[in-house]
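Structure first, commentary second.
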Amino acid sequence: MRSTVEVKRVDLWSLFKISFCAYGFLGIIGGLFYLGFVLLLTGFGSTFLEEEFPRLGLLGGVLGIIMVPAFAFLYGAIGGMFAVIMGAVVNLIMRLTGGLKLDVDMPVLRGLFEAAPASSTSAAPFGDAGVVADADAQTPPPYTPTPPEGSGGYGEGT
């Protein structure tokens, strides 16, 4: 099923949330590379400079471990802010030009919006909306609630 969708604006808050998570994930990867680099350098440094800096390896490990979440947060926040700025620019351009038209092909939804044949009694994937029942089909009786056992009925004494 092909349809045309027109995008008028981008929600900046949802854009920030998605960008923050995506850039934060990239920040974790960058922080892990930084951790490996710092551990490598401090490992070599502690080998050659053990007398001058006895705790250089420990310092490098702590610094590297602290920097992984710091990289993730900073990269996510800065990336999210730049994404919001670009989203605001896109919103301005879409307001001036009338929006963005997308031609979308949705093969998953083909069966949902096509009309059912008149003799069909099968249920549609999401309920029976749009399904035409046979004239001879029996309709179930309407639902009537029954009071719980041991009580005199609804609304009578407690």
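The values are calculated or read from the model by the stated rules, or taken from the named source; none is laboratory data. On a predicted model such as this, the values are computed, not experimentally measured, just so you know. Cβ placement follows ideal geometry from the backbone for every residue including glycine, while neighbour counts extend to all protein chains displayed.
Of the residues contained in the range 109-118, none is found to be modelled with pLDDT of 75 or more and part of a helix (DSSP H, G or I).
Within the set Leu74, Leu96, the sole residue that is exposed (fewer than 12 other Cβ atoms within 10 Å of the Cβ), modelled with pLDDT of 90 or more and assigned to a helix (DSSP H, G or I) turns out to be Leu96.
Taking the criterion of being in contact (Cβ under 8 Å) with a residue 12 or more places away in the chain and farther than 26 Å from Ala77 by Cβ, the residues of the range 8-45 that qualify are Lys8, Leu41, Thr42, Gly43, Gly45. Within the range 4-60, track down each residue that is acidic (Asp, Glu) and at pLDDT 90 or above. Within the range 4-60, Asp11 is the sole residue that qualifies.
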